[in-house]
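*Asks:* Right, I'll just put the structure down here and ask away after.
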Amino acid sequence: MSEPLALGIDIGGTNTAYGLVNRRGEIITKGNFATAGHGDVTNYIAALTTALLPIVEKAGRSNIKGIGIGAPSGNYFTGEIVYAPNMPWPGIIPMAKLVNEALGLKTALTNDANAAAIGEMAYGAAKGMKDFILVTLGTGVGSGFVANGQLIYGHDGFAGELGHVIAVRDGRKCGCGRHGCLETYASATGIVKSAEEWLDERNDETILRQNKGKITAKKIHEAADQGDKMALELFEFTGKILGQTLADAVAITSPQSIIFFGGLAKSGDLLFKHVRKHMEANLLHVYQNKVSFLMSALPDADAAILGASALAW
């Protein structure tokens with residue numbers, strides 16, 4: 001008797017990654033191809049089918065329980081990708097329906113951060129946990145809220161957008177068109193914006209000045225490791241805004257843990273000692289010292305595939 005498998009597909013603006021996953025979260029086979037370059041979604045589905053059909057046939061269609069897809073601006077209720085800013089196709093794409101028709105397997109879709117939260121619950125740091133928040137600190141800030149063992153989708157499928165709560169009133173312009181969103185400060189892009197602004201406004205001596213205009217979050221991390229004052233202050237500034245915002249999020253769902261994922265989360269104590277300090281300082285007394293911080297237990301390269309596959313179960 002062959003073991004049951006799930007097919008996970010992560011559709012990113014640049015690449016699409018896919019893999020067959022068993023119940024234990026082990027990836028049996030995986031691959032990827034470029035998302036970009038398929039100007040028309042029909043061409044993209046053709047490329048996806050070409051990549052996946054041999055895998056489906058080899059594993060045996062009857063052994064595959066279904067397909068889970070994680071995508072930016074993915075709506076779980078409708079199976080659509082809705083006005084995703086970084087995708088090659090405009091408007092509303094009925095992706096779950098198109099994949100289901102092409103491959104003949106039951107297909108579910110959600111946004112990428114929600115998929116990561118489901119992955120943590122199925123295979124990762126949140127195994128057995130009923131209440132937690134997953135926060136991805138990458139190019140933007142993504143999040144998934146789980147309460148009573150259920151992912152919160154809201155009435156329209158778009159709940160849990162921590163990256164787009166207003167962290168700084170009348171703050172920076174966000175890609176969403178509003179001002180002061182958390183992701184304009186607490187993402188890899190946000191900390192770089194802070195650095196470039198400070199270099200324009202201030203005269204401090206800093207290693208970062210030699211990279212002005214070409215700063216990356218990694219360069220800020222490296223400078224902080226060397227004791228650079230401005231770099232250390234950037235982590236404190238970013239951690240403060242993130243910590244204050246998380247204190248508000250805790251008041252809404254009272255999570256047992258907040259699980260962090262993504263490039264900026266690798267800064268470790270440089271960032272999180274400030275996040276912890278400012279979150280605790282702003283928490284209502286009943287929540288203090290109750291919320292643990294955990295790092296994602298899913299391997300970086302495969303987390304998106306695992307998260308998407310968990311949706312199929």
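The values are calculated or read from the model by the stated rules, or taken from the named source; none is laboratory data. Note that the structure is a prediction, hence the values are computed from the model and not measured. Cβ sites come from the backbone with ideal geometry, for glycine too, and all protein chains shown count toward neighbours.
*Asks:* Does the range 194-201 contain any residue that is in contact with a Lys or Arg (Cβ under 8 Å, 6 or more places away or on another chain), part of a loop (DSSP other than H, G, I, E, B) and surrounded by 15 or more Cβ atoms within 10 Å (Cβ to Cβ)?
*Replies:* Residues of the range 194-201 in contact with a Lys or Arg (Cβ under 8 Å, 6 or more places away or on another chain): 196, 199.
From the residues that got through so far, the ones that are part of a loop (DSSP other than H, G, I, E, B) too are none.
No, the range 194-201 contains no residue that is in contact with a Lys or Arg (Cβ under 8 Å, 6 or more places away or on another chain), part of a loop (DSSP other than H, G, I, E, B) and surrounded by 15 or more Cβ atoms within 10 Å (Cβ to Cβ).
*Asks:* Name the helices (runs of 4 or more DSSP H) wholly within the range 216-304 that hold at least 2 residues that are under 17 Å from N114 (Cα atoms) and in contact (Cβ under 8 Å) with a residue 24 or more places away in the chain?
*Replies:* Details: elements: 217-225, 229-253, 269-282.
Of the helices (runs of 4 or more DSSP H) lying wholly inside the range 216-304, those with at least 2 residues that are under 17 Å from N114 (Cα atoms) and in contact (Cβ under 8 Å) with a residue 24 or more places away in the chain span 229-253.
*Asks:* Now for a different question. Scanning the range 254-313 for residues that are hydroxyl-bearing (S, T, Y) and out of contact with any helix residue (DSSP H, G or I) (no Cβ under 8 Å at 6 or more places or on another chain), which turns out surrounded by the fewest Cβ atoms within 10 Å (Cβ to Cβ)?
*Replies:* First pass over the range 254-313, keeping only residues hydroxyl-bearing (S, T, Y): 254, 257, 267, 287, 292, 296, 309.
When the remaining residues are screened for being out of contact with any helix residue (DSSP H, G or I) (no Cβ under 8 Å at 6 or more places or on another chain), the result is 257, 292.
On the way: S257: 19, S292: 12.
Among residues in the range 254-313 that are hydroxyl-bearing (S, T, Y) and out of contact with any helix residue (DSSP H, G or I) (no Cβ under 8 Å at 6 or more places or on another chain), the one surrounded by the fewest Cβ atoms within 10 Å (Cβ to Cβ) is S292.
*Asks:* Of the conditions (1) assigned to a loop (DSSP other than H, G, I, E, B); (2) of a type outside the set (A, V, I, L, M, F, W, C); (3) in contact with a Gly (Cβ under 9 Å, 6 or more places away or on another chain), D204 clears all except one; give me its number.
*Replies:* The failed condition is (3).
*Asks:* Identify all residues within the range 6-23 that are in contact with a Leu (Cβ under 7 Å, 6 or more places away or on another chain) and assigned to a loop (DSSP other than H, G, I, E, B); write none if there are none.
*Replies:* The answer is none; no residue qualifies.
*Asks:* Given the criterion assigned to a loop (DSSP other than H, G, I, E, B) and either over 25 Å from the mean Cα position of the chain (by Cα) or at positive phi (or both), identify the matching residue among G66, G37.
*Replies:* Details: G66 fails: assigned to a loop (DSSP other than H, G, I, E, B).
Only one candidate qualifies: G37.
*Asks:* Being touching a Lys or Arg at 6+ places or on another chain (Cβ under 8 Å), surrounded by 20 or more Cβ atoms within 10 Å (Cβ to Cβ), at pLDDT 95 or above and not assigned by TED's automatic domain parsing to the domain that holds S143 narrows it down to one of L109, L20, so name that one. Full working, then the answer.
*Replies:* Numbers: L109 fails: touching a Lys or Arg at 6+ places or on another chain (Cβ under 8 Å).
The conditions single out L20.
*Asks:* Now for a separate question. Residue check, T29 against (1) over 20 Å from L311 (Cα atoms); (2) surrounded by fewer than 17 Cβ atoms within 10 Å (Cβ to Cβ), all met but one. Which one?
*Replies:* (1)
*Asks:* Is it the case, given these coordinates, that T184 is assigned by TED's automatic domain parsing to the domain that holds R276 and either under 20 Å from I259 (Cβ atoms) or in a loop (DSSP other than H, G, I, E, B) (or both)?
*Replies:* Values: assigned by TED's automatic domain parsing to the domain that holds R276: yes; either under 20 Å from I259 (Cβ atoms) or in a loop (DSSP other than H, G, I, E, B) (or both): no.
In short, no.
*Asks:* Please enumerate the residues belonging to the range 100-136 that are touching a strand residue (DSSP E or B) at 6+ places or on another chain (Cβ under 6 Å) and farther than 28 Å from S267 by Cβ.
*Replies:* N100, L105, K106, T107, A108, L109, listed by residue number.
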